[in-house]
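Chemist: One structure follows; several queries about it will come next.
Throughout, read-outs are computed from the coordinates displayed, never taken from laboratory work. Everything numeric here is computed off the predicted structure, so don't read it as measured data. Using ideal geometry, Cβ is built from the backbone for each residue, glycine included, and neighbour counts are taken over all protein chains shown.
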Amino acid sequence: MIIIMGILKKIFRKKTIARSHRFYVNEHHKLQAKIGDKTYLVKNISIGGLALQGENLLNEFVANREIEITVFINNSDLKVQTRVVHVTEHFMGLVVSANLEKFSQAVLDYFECEIDAHDVKMMDPNRLAPRKEGKPYWFFSDSSKEVFYLEKDGKVTFFQISYKGKILERNANGKFNIGVVEEAKVAHHKGSDLISVESDIDLTVIKSIIRFLEGVLEMDESHRKQIISSIEKHYLSV
């Protein structure tokens, strides 16, 4: 236990997340694990273990069994020793028993967007200037991690997301822009940033923004779904 705590303290000098915190995997993540010649879906993962989904798992695994697995994460293959904590017909929970430092750091690096989102806090709506286009909502950590939008009658009418040096906007007319913020020479209210628009769209950035949005804890779920659906439809639909 002393060794494990020492490893975690070393990792947490850069990033802080509870050891028990689980990141749930969805269509925006690419995570798999391999045991022998079989590949399994990763359903959730923490810095200390993971849960796999498969078929007929009770026929192959038992609790407390030690298993070497290969986790496909960050475009690399990471081999780790694990121990089966629990197993059902379709799900199996594993705790990492060796190579923990590399595994934990790989998880922290891969889920950087979600960890960044955990730092974002909702500003008091009563302190925001009212708009005729809708009620303003502002979620802020620092100038590189922001979500601002307007809502009217349950519909998001405008939004801006600032993340990793980029700002993505859908204006009140439904037009999308993505780029960097130009420094305004005059004072302006929140949501009126001047964007230096980029014509070449990096879909990796778009997907990072979506993952960032999914992790903002205090955001209304209906508003979140509207914004993400709008971004996906505009940039990711084929």
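Chemist: May I ask you to derive the FRET efficiency for THR204 and ASN99 from their Cβ-Cβ distance with R0 = 35 Å, giving the value to the nearest 0.05?
Modeler: Details: r = 28 Å, r/R0 = 0.79.
It comes out at approximately 0.80.
Chemist: Looking only at SER144, SER222, SER97, which one moves most when the chain is put into a Gaussian network model with springs between Cα atoms under 10 Å?
Modeler: Highest fluctuation among the options: SER222.
Chemist: Alpha carbon centre of the stretch 200-224 versus the stretch 51-83: separation in Å?
Modeler: After rounding, the separation between the Cα centres reads 29 Å.
Chemist: Now, a different point. For the chain, find the longest principal axis of its Cα atoms and tell me its angle to the long axis of helix 2-11, 0 to 90°, nearest 10.
Modeler: Helix 2-11 and the main axis of the chain meet at about 30 degrees.
Chemist: Still on this model: Fewest to most neighbouring Cβ within 10 Å: what's the order for ARG65, ARG131?
Modeler: Details: ARG65 13, ARG131 16.
Starting with the residue having the fewest Cβ neighbours, the order is ARG65, ARG131.
Chemist: Sticking with this one: So if we plug the beta-carbon distance of GLU27 and LYS135 into 1/(1 + (r/R0)^6) with R0 = 22 Å, what FRET efficiency do we get, rounded to 0.05?
Modeler: Details: r = 30 Å, r/R0 = 1.38.
Result of the calculation: an efficiency of 0.15.
Chemist: State the extension gain, in nm to one decimal, for the chain segment bounded by ASN171 and LEU236, taking 0.36 nm per residue of separation less the distance between their alpha-carbons. Mind showing how you got there, number by number?
Modeler: Working: separation 65, 0.36 × 65 = 23.40 nm, distance 1.86 nm.
Gain in length upon complete extension: 21.5 nm.
Chemist: Of ASN126, PHE140, ILE69, which is farthest on the positive side of the dipole of the chain, counting Cα position, with +1 on Lys and Arg Cβ, -1 on Asp and Glu Cβ, and the Cα centre as origin?
Modeler: The Cα lying farthest towards the positive end belongs to ASN126.
Chemist: Which of LYS43/LYS166; LYS135/LYS175; LYS102/LYS233; LYS43/LYS175; LYS152/LYS233; LYS30/LYS152 have a Cα-Cα distance over 28 Å?
Modeler: LYS43/LYS166; LYS102/LYS233; LYS43/LYS175; LYS30/LYS152
Chemist: Along the positive direction of the dipole of the chain (beta-carbon charges: Lys, Arg +1; Asp, Glu -1; about the Cα centre), which of TYR149, ALA51, ASN171 reaches farthest?
Modeler: The residue sitting most towards the positive pole is TYR149.
Chemist: How high is the FRET efficiency between GLN81 and THR39 when r is their beta carbon distance and R₀ equals 22 Å, given to the nearest 0.05? Let's see the in-between values first.
Modeler: Values: r = 19 Å, r/R0 = 0.84.
Once the sixth-power term is evaluated, E becomes 0.75.
Chemist: Considering the chain as a Gaussian network with a 10 Å cut-off on Cα pairs, which listed residue, PHE103, PHE61, PHE23, attains the greatest mean-square fluctuation?
Modeler: PHE61
Chemist: For the stretch 103-162, just say rounded, prolate or oblate: build the C-alpha gyration tensor, square-root its eigenvalues into a ≥ b ≥ c, call rounded for a/c under 1.5, and beyond that prolate if a/b exceeds b/c, oblate if not. Could the numbers behind the result be given before it?
Modeler: Working: a/c = 3.56, a/b = 2.54, b/c = 1.40.
The shape class here is prolate.
Chemist: Just grab the label-to-label distance for SER144 and ILE228, each label 7 Å out from Cα along the Cβ direction, in nm (one decimal).
Modeler: 2.4
Chemist: Something else: Rounded to the nearest 500, what is the chain's calculated 222 nm mean residue ellipticity when only DSSP H runs of at least 4 contribute -39500 (n - 2.57) each, over all residues?
Modeler: On the way: 5 runs with 51 residues, N = 238.
Result for the chain: -6500 deg cm²/dmol, rounded to the nearest 500.
Chemist: May I pose another question? About the Cα centre of the stretch 116-238, how large is the charge dipole given +1 on each Lys and Arg Cβ and -1 on each Asp and Glu Cβ? Please answer in debye to the nearest 20. Before the final figure, lay out the partial values.
Modeler: Numbers: 19 positive and 20 negative charges, 74 e Å.
Using only the charged Cβ atoms, the result is roughly 360 debye.
Chemist: For semi-axes √(5λ) of the Cα gyration tensor in Å, pick the label among [x] 48, 16, 14; [y] 40, 19, 16; [z] 31, 21, 17 that corresponds to the value derived from the coordinates.
Modeler: Comparing each candidate, only [y] matches the computed number.
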